[in-house]
């Protein structure tokens, strides 16, 4: 009888140890996986920022710009097709963009972006070029993308002429 009790007790302790060890392993795996999941979320957010997701009031059946691969003739046909869908004109889109982002409109084009019919207005500002997406149906500003205009000559002072701060760790002995 004592041997049975000892056997049951040993089996119970062994089972308890296995369950506790498994729980600790899963908890550690969850803690280890959390930073990886956060990194994946950060990468996904960065992709979403690059491919801004918005929905315009006018959608087209063709989600991608098929005119790019097939040449100029198809681009002209797509442009006229999009123009027939648009409810505002380029001047109205330009005015909406300039109301949202003060500056000078450089270029206005009607685009199919992921199935959304939008005007893409490039606005030159003091800080660079901003690409403003305007809904071709109602004139609402959907997105703004700040592009850096490096041709303007805002280079790092440390690289040109040595007028910037000395960031190297080399000290001259005198």
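How many of the residues making up the range 130-163 are modelled with pLDDT under 90 and not in a strand (DSSP E or B)?
16
Anything in the range 104-119 that is crowded, with 18+ Cβ neighbours inside 10 Å and in contact with a helix residue (DSSP H, G or I) (Cβ under 9 Å, 6 or more places away or on another chain)? List them, or say none.
Answer for the range 104-119, where residues must be crowded, with 18+ Cβ neighbours inside 10 Å and in contact with a helix residue (DSSP H, G or I) (Cβ under 9 Å, 6 or more places away or on another chain): 105, 108, 110, 112, 117, 118, 119.
Within the range 77-100, does at least one residue satisfy the condition of being in a strand (DSSP E or B), loosely packed, with under 15 Cβ neighbours inside 10 Å and out of contact with any helix residue (DSSP H, G or I) (no Cβ under 7 Å at 6 or more places or on another chain)?
Scanning the range 77-100 turns up no residue that is in a strand (DSSP E or B), loosely packed, with under 15 Cβ neighbours inside 10 Å and out of contact with any helix residue (DSSP H, G or I) (no Cβ under 7 Å at 6 or more places or on another chain).
How many residues are over 16 Å from residue 147 (Cβ atoms) and assigned to a loop (DSSP other than H, G, I, E, B) if we restrict to the range 101-129?
The number of residues fulfilling the criteria is 3.
Report yes if residue 57 is modelled with pLDDT of 80 or more, part of a loop (DSSP other than H, G, I, E, B), surrounded by 10 or more Cβ atoms within 10 Å (Cβ to Cβ) and not assigned by TED's automatic domain parsing to the domain that holds residue 84, otherwise no. Write out each step before concluding.
Numbers: modelled with pLDDT of 80 or more: yes; part of a loop (DSSP other than H, G, I, E, B): yes; surrounded by 10 or more Cβ atoms within 10 Å (Cβ to Cβ): yes; not assigned by TED's automatic domain parsing to the domain that holds residue 84: yes.
Yes.
The values are calculated or read from the model by the stated rules, or taken from the named source; none is laboratory data. Quantities reported herein were computed from a predicted structural model and do not represent experimental measurements. FYI the Cβ positions are ideal-geometry reconstructions off the backbone, even for glycines, and counts take in every protein chain you see.
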